[in-house]
Amino acid sequence: MSLIPDIVSYKDELTKIRRDIHMHPELCFDEHRTSALVAEQLQSYGIEVSRGIAKTGVVGSLRVGSGKRAIGLRADMDALPLHEKNDFEHRSRNEGRMHACGHDGHTTILLGAARYLAKTRNFDGTVHFIFQPAEEGGGGGKVMVEEGLFERFPVDAVYGLHNTPRYPVGKFFTRPGPAMAASASFDLFVSGRGAHAARPESGLDPVVAAAHIITGLQTVVSRNVSPFDTAVVSITQVHAGHAYNIIPEDVRICGNCRAYTTPVMDCIEDSIRRIAENTAAAHGSKTRLDFRRGYPPLINHARETGIACDAAALVVGEANVDRNGAPRMASEDFSFMLEARPGAFIFLGNGDAEGSCDVHNPHYDFNDEILSVGASYFARLVEMTMPKQSR
């Protein structure tokens with residue numbers, strides 16, 4: 001690997017910052033301590049700081065030379081509502097909150113790149129370091145865009161990064177086009193008529209109707225979505241009744257959906273509604289669907305994806321960059337930024353040691369060995385896309 005020596009030289013300081021953030025996790029739009037830490041670090045590097053966009057978001061702006069180009073680099077700051085089960089010294093001090101997705105590492109990586117770029121100023125143009133709140137379900141990326149992120153901080157392109165557990169350190173992957181899925185959640189209410197369990201003929205049993213609906217929903221993907229598309233419909237909760245001898249009035253079915261395109265998500269929603277209504281009608285019941293779209297699909301722009309891969313190759317070598325990696329069914333609200341501006345999202349290996357666990361796991365921890373890798377990537381991306389003009 002060709003890591004930037006300056007960045008490697010302050011690896012211990014970056015590790016200290018990352019572990020401090022890990023110890024003090026904060027949830028969506030409540031990242032007050034984290035955003036204050038970020039602002040303080042940026043100011044110490046001599047970077048102009050703007051705070052308060054999307055409540056706790058922070059943007060650091062660094063202008064060098066007379067170049068007109070500008071790019072945005074984004075990191076997410078929030079944690080998850082999860083009880084940490086690790087026992088190392090830097091485990092969470094905030095009960096019921098945990099950095100289980102690596103946003104502590106993403107924030108530190110971007111700080112590392114900002115520190116180096118502010119010191120060396122080896123580029124010509126403007127970099128906006130975007131520290132975003134509320135990625136974990138809060139849609140902080142959408143809020144930042146709606147509050148005028150790119151009007152206040154114009155960019156030609158915007159780039160993001162995410163760690164990937166069980167993928168080797170020193171390797172990157174991404175792909176042009178759909179790289180992460182759109183998400184949606186739903187509540188499907190099935191209503192009947194309650195009755196004594198000993199006299200089912202006097203009621204309309206919504207439990208039986210719900211059971212048939214759940215079975216029917218298994219055909220949404222297999223019989224409604226093209227085999228050339230990818231989609232997931234998962235039933236995750238069923239709630240009905242409270243006594244052994246009462247047929248309930250209502251059943252609530254909860255689920256989650258994923259797809260790589262909006263038309264496929266439209267098909268999923270239409271199919272769930274049609275199957276539920278018709279199946280319920282066959283049993284004398286009625287249904288109501290509350291279908292809530294979450295994050296849109298994350299669509300990488302082809303040109304910027306190539307640029308991101310080229311920058312990664314400068315750090316880890318071409319052989320360690322997969323330019324056509326498999327898309328992921330998880331969702332990311334960086335998708336809102338990519339809807340507003342060209343850009344790309346890339347994945348960095350967090351390590352594949354035995355026993356390593358995935359994100360959103362109470363035993364997860366970010367691998368500090370990749371802080372220098374990620375920071376070097378962001379720094380080379382800036383230097384490559386906005387080279388300093390020779391005089």
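What follows is calculated from the coordinates using simple rules that are stated; it is not laboratory data. It should be emphasised that the depicted structure is a prediction, and the values quoted were computed from it without experimental measurement. So basically every Cβ, Gly included, is an ideal-geometry build from the backbone, and we count neighbours across all protein chains shown.
Couple of notes before you dig in:
- Summarising the label geometry, the points placed 7 Å from Cα in the beta-carbon direction at Ala243 and Thr262 lie 4.9 nm from one another.
- Fraction of the pair-distance distribution of segment 52-187 above 27 Å, Cα-Cα pairs, percent: 29
- Once the Cα-Cα distance is subtracted from the 0.36 nm per residue extended length, the Asp270 to Ser50 segment shows a gain of 74.9 nm.
- Put simply, segment 182-293 fits an ellipsoid with semi-axes of 29, 13, 10 Å; these come from the alpha carbon gyration tensor as the roots of five times its eigenvalues, largest first.
- Of Val64, Val155, the sequence from fewest to most neighbouring Cβ atoms within 10 angstrom is Val64, Val155.
- Degrees between helix 103-120 axis and first principal axis of the chain (Cα, 0 to 90, nearest 10): 20
- Summary of the geometry: segment 196-214 and segment 215-235, compared by the centres of their Cα atoms, lie 26 Å apart.
- For the listed residue pairs Lys11/Lys119; Lys16/Lys68; Lys119/Lys388, the alpha carbons are over 26 angstrom apart in Lys16/Lys68.
- FRET efficiency for Ser222 and Glu277, using Cβ-Cβ distance with R0 set to 22 Å, rounded to 0.05: 0.65
- Computed FRET value (nearest 0.05) for Asp229 with Ala319, which takes r as the C-beta separation and R₀ as 41 Å: 0.80
- Cα convex hull volume per residue for the chain (Å³): 153
- Taking a Cβ cut-off of under 12 Å around Thr230, the surrounding Lys, Arg, Asp and Glu residues balance to a net charge of +1, with basic ones at +1 and acidic ones at -1.
- Label-point gap, in nm, between Arg33 and Ser185 - each point 7 angstrom along Cα→Cβ: 2.6
- Computed from phi, the 3J(HN,Hα) profile of segment 168-173 under the Karplus parametrisation 6.51, -1.76, 1.60 (θ = phi - 60°) reads x, 4, x, 10, 10, 8 Hz, with x in place of Gly and Pro.
- Our estimate of slack between Asp290 and Ala302, defined as 0.36 nm per intervening residue step minus the Cα-Cα distance, is 0.8 nm.
- Using the average count of surrounding beta-carbon atoms within 10 Å as a protection proxy, the listed peptides 206-217, 331-342 rank, highest first, as 331-342, 206-217.
- Placing unit charges on the Cβ atoms only, positive for Lys and Arg and negative for Asp and Glu, gives the chain a dipole magnitude near 740 debye about its Cα centre.
- Per-residue [θ]222 nm for the chain (sum of -39500 (n - 2.57) over DSSP H runs n ≥ 4, rounded to 500): -10500 deg cm²/dmol
- Between 0 and 90°, nearest 10: helix 262-282 axis offset from the chain longest Cα axis: 20
- Mean-position separation - Cα centroids, segment 263-285 and segment 1-65, in angstrom: 47
- Label-point separation, His83 to Lys68 (7 Å along Cα→Cβ), nm: 5.8
- Projecting the Cα atoms of Ala182, Val208, Ala195 onto the dipole axis of segment 163-241, where Lys and Arg carry +1 and Asp and Glu carry -1 at the beta carbon, places Ala182 farthest toward the positive end.
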